[in-house]
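Just below is one structure, and these are the notes that go with it.
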Number of protein chains: 2
Amino acid sequence: MTAADLIDEPMRPGHGPLYRQVKQRIIRHLIDETWKPGDMLPSEPRLAESFGVSPGTVRRALDELVAENLLVRHQGKGTIVCRHDPERSLFHFFRMVDAAGDRPTPSSRVLACGRRRADRAEAARLGLPAGAPVVVIDRTRSAAGRPLLVERLVLPGRLFGPLAAVAPAELPNTLYTLYEERFGVTVYRAAEQLRAVTADARDAQLLEVATGTPLLEIDRLASNLDGMPVEWRLSRCRTDAYRYRVELV
Amino acid sequence: MTAADLIDEPMRPGHGPLYRQVKQRIIRHLIDETWKPGDMLPSEPRLAESFGVSPGTVRRALDELVAENLLVRHQGKGTIVCRHDPERSLFHFFRMVDAAGDRPTPSSRVLACGRRRADRAEAARLGLPAGAPVVVIDRTRSAAGRPLLVERLVLPGRLFGPLAAVAPAELPNTLYTLYEERFGVTVYRAAEQLRAVTADARDAQLLEVATGTPLLEIDRLASNLDGMPVEWRLSRCRTDAYRYRVELV
DNA sequence: TAGTGGTCTAGACCACTTT
DNA sequence: AAGTGGTCTAGACCACTAT
């Protein structure tokens, strides 16, 4: 191994445990796309040599990154950066289950997709200046042939500008995969806030329920590795056949 | 250290990684109450000697148990078994937050507390034989002086028999602490399923809302270390001032 | 001062995958 | 056969707590 193979400079004295400094360096390389989703990282001994630390220290940093769903290890092969493949996109952030506890495979129908200026609520939620351009997608999602939810997604135009030009029918069911592959935006975390609301006339028509039916409203803000908001999603769900499940530990 | 200090026999050849076998042995000692909540475990070198493994292997087992909220380490002091102190009881399983993202400190008012036979739904949910005795508690919880939710708790009578004799006014706000201190029942996990419902006449009166107001219904099944259900809780929440928050990773 | 957990290192061997 | 991650061991030193 020559100097050219080194990914980074050796660690210099810093604050906190060495393995956390190593972890932060690796995260920085994920942010600056030294390693992109799906890429393989250098092996643990190589990383250790690059950073000038012992293999055990690198290993501990990787352990935490794996626990946080940023990396995946494959024994005998190597360690890769997590991807939002359709499988993960569909199930990792989707918490509705049927009475048996099984997750449905939802399909989606786009009602509208366009570009406009953010209103005040949208700008505030996404951390954008007032009037910044946003892409707005309205769609419904169904499971087992019956409408499950209606939702509006608001995305920063700076990151997703060309998305508005995509024909509604072209938008895939698994948007997070699209964000990653077409726009280089990776959703790593999301925070959801839930409340109960009643269906208005539009909800009722789209969800095939009576006006006034109670719906579960899910307000989700998704962010990337930098902690920047990249999507605001407001969903209204029927909860007669599916419920929202949470495991508390 | 003498043989009498050993808490267990050395590991014998088994299946899977050694550290997981050590972890399972420790969990078994938590179940059989060799170490109770609040107790201090033997030090890592002592455990290693008892189990006949290296300190690093014990450490890895403890790492996982700490990550699962079964143990807590205190540098310089030792490792103790997690307790459901009122702080944890109030905040660990309670996910309602206000608009600013802060958790309220709810107070509770017991409406009824008694013992009777489980109906079919209750027996099924708690894994009890039909007609088994259960303790049922009805109460409301308020935050910032306003009613937040109304709920019914159903507990296996076998575990909580004497609880029905407690005067309603004596029941503390933090029930999980009571379960642990008075009945030796520790809640370790819970699964919640959420749906939207409308307030019936009783809900409306207790929550001071109009009949038909949408409410968030939280169906929680809590279990102990053995995986046995120990509480079924059905709550109906107003979501005008507080929302249910979930972090997705 | 002694004991505890927290960090870091070094090396051996195993299981799995690729060539 | 060579390279990867997975496990297990052993020992050094540090930071914190109790006495």
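Of the residues making up the range B:41-67, those that are basic (Lys, Arg) and within 7 Å of DNA strand C (Cβ to nearest atom) are B:Arg46, B:Arg59. Within the range A:74-103, the set of residues being within 16 Å of DNA strand D (Cβ to nearest atom) and surrounded by fewer than 15 Cβ atoms within 10 Å (Cβ to Cβ) comprises A:His74, A:Gln75, A:Gly76, A:Lys77, A:Gly78. Of the set (1) under 18 Å from the mean Cα position of the chain (by Cα); (2) within 14 Å of chain B (Cβ to nearest Cβ); (3) within 16 Å of DNA strand C (Cβ to nearest atom); (4) open to solvent by less than 60 Å² (accessible area, probe 1.4 Å), all apply to A:Gly38 but (2).
All of (1) over 18 Å from the mean Cα position of the chain (by Cα); (2) open to solvent by 40 Å² or more (accessible area, probe 1.4 Å) hold for A:Thr239 with one exception: (2). You will find that of A:Leu234, A:Leu216, the residue that is in a strand (DSSP E or B) and buried (at least 18 other Cβ atoms within 10 Å of the Cβ) is A:Leu216 and no other.
Yes or no, residue by residue, for (1) without any contact (Cβ under 8 Å) to a residue 12 or more places away in the chain; (2) not in a helix (DSSP H, G or I):
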site	(1), (2)
B:Asp8	no, yes
B:Gln21	yes, no
B:Leu30	no, no
B:Thr34	no, yes
B:Ala48	yes, no
B:Phe93	no, yes
B:Thr105	no, yes
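Here is the figure for the range B:141-172: residues that are closer than 26 Å to B:Leu128 by Cα, assigned to a strand (DSSP E or B) and not basic (Lys, Arg) total 6. I'd like to check something: does the range B:184-203 contain any residue that is more than 30 Å from A:Cys237 (Cα to Cα), more than 12 Å from chain A (Cβ to nearest Cβ) and buried (at least 16 other Cβ atoms within 10 Å of the Cβ)? Yes - at least one qualifying residue is present in the range B:184-203.
Filtering the range A:148-161 to residues that are more than 21 Å from A:Pro86 (Cα to Cα) and surrounded by fewer than 20 Cβ atoms within 10 Å (Cβ to Cβ) leaves A:Arg158, A:Gly161. Please determine whether any residue of the range A:208-223 is more than 10 Å from every other protein chain (Cβ to nearest Cβ), over 23 Å from B:Ala199 (Cβ atoms) and in contact with a helix residue (DSSP H, G or I) (Cβ under 7 Å, 6 or more places away or on another chain). Yes: one or more hits. Among the residues of the range B:115-135, those that are part of a helix (DSSP H, G or I) and open to solvent by less than 90 Å² (accessible area, probe 1.4 Å) comprise B:Ala121, B:Glu122, B:Ala123, B:Ala124, B:Arg125, B:Leu126.
The values are calculated or read from the model by the stated rules, or taken from the named source; none is laboratory data. Bear in mind the structure is a predicted one, so any value in this text is a computation, not a measurement. Positions of Cβ are backbone-derived with ideal geometry, glycine not excepted, and every protein chain shown enters the neighbour counts. Calculation scope for accessible area: heavy atoms of the full protein, side chains included, ligands and nucleic acids excluded. Shrake-Rupley method; radii C 1.70, N 1.55, O 1.52, S 1.80 Å.
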